[in-house]
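> Below: one structure in structure tokens.
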Amino acid sequence: MIEELYPKALESGISPLSFWELTLGEVVQMINAYQRKREIYNKDIAIQQSFLSNQLLIGIHNMLGQKENAIDTLQLWDYFPELFAEEKIIYDKYQKENQQYEMAESRYSYAERYNEILKKKGDDD
């Protein structure tokens, strides 16, 4: 039994000195805990890769497809609202400021065009 546990313990990050100082039950618990952590880590990696592939597919679809058939890309806070709440607030604030800037630019452009039209009418009279 110890011959089977020793390599697994080393793979689980238990040092040789700790292995011999721990009880058999403690070694088994540490190995099981390591395996559970490793499984969670592997699931996290799979989730990250899945998100990445979905984002790539949506991006390619939007680039190659028609604008009216575009799919909204999801942000991290759409997947993990609690984890990225602060980033969403910052992003929303930036979007609002950017929208206000674009509206101001649009109004300024409209005013310039309107003034040009008035100027041409004044020159024609």
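The values are calculated or read from the model by the stated rules, or taken from the named source; none is laboratory data. The model shown is predicted, which means the values in this text are computed figures rather than measured ones. Don't worry about glycine lacking a Cβ; one is built from the backbone with ideal geometry, like all the others, and counts go over all protein chains shown.
> If I go through segment 42-60 residue by residue, how many of them are out of contact with any helix residue (DSSP H, G or I) (no Cβ under 7 Å at 6 or more places or on another chain) and within 24 Å of Gln95 (Cα to Cα)?
Qualifying residue count, segment 42-60: 7.
> Taking segment 66-112 on its own, how many of its residues are under 19 Å from Leu56 (Cα atoms), of a type in the set (A, V, I, L, M, F, W, C) and more than 13 Å from the chain's Cα centre (by Cα)?
Looking only at that region, the number is 2.
> Exactly one condition in (1) exposed (fewer than 11 other Cβ atoms within 10 Å of the Cβ); (2) over 18 Å from the mean Cα position of the chain (by Cα); (3) among the basic types (Lys, Arg); (4) at pLDDT 90 or above is false for Lys43; which is it?
The single condition Lys43 does not satisfy is (2).
> Another one. Can you pull out every residue in segment 48-99 that is at pLDDT 90 or above and surrounded by 12 or more Cβ atoms within 10 Å (Cβ to Cβ)?
Glu87, Lys88, Tyr91
> Within segment 8-27, is even one residue among the aliphatic types (A, V, I, L, M), in contact with a Leu (Cβ under 8 Å, 6 or more places away or on another chain) and either exposed (fewer than 12 other Cβ atoms within 10 Å of the Cβ) or part of a helix (DSSP H, G or I) (or both)?
Among the residues of segment 8-27, at least one is among the aliphatic types (A, V, I, L, M), in contact with a Leu (Cβ under 8 Å, 6 or more places away or on another chain) and either exposed (fewer than 12 other Cβ atoms within 10 Å of the Cβ) or part of a helix (DSSP H, G or I) (or both), which makes the answer yes.
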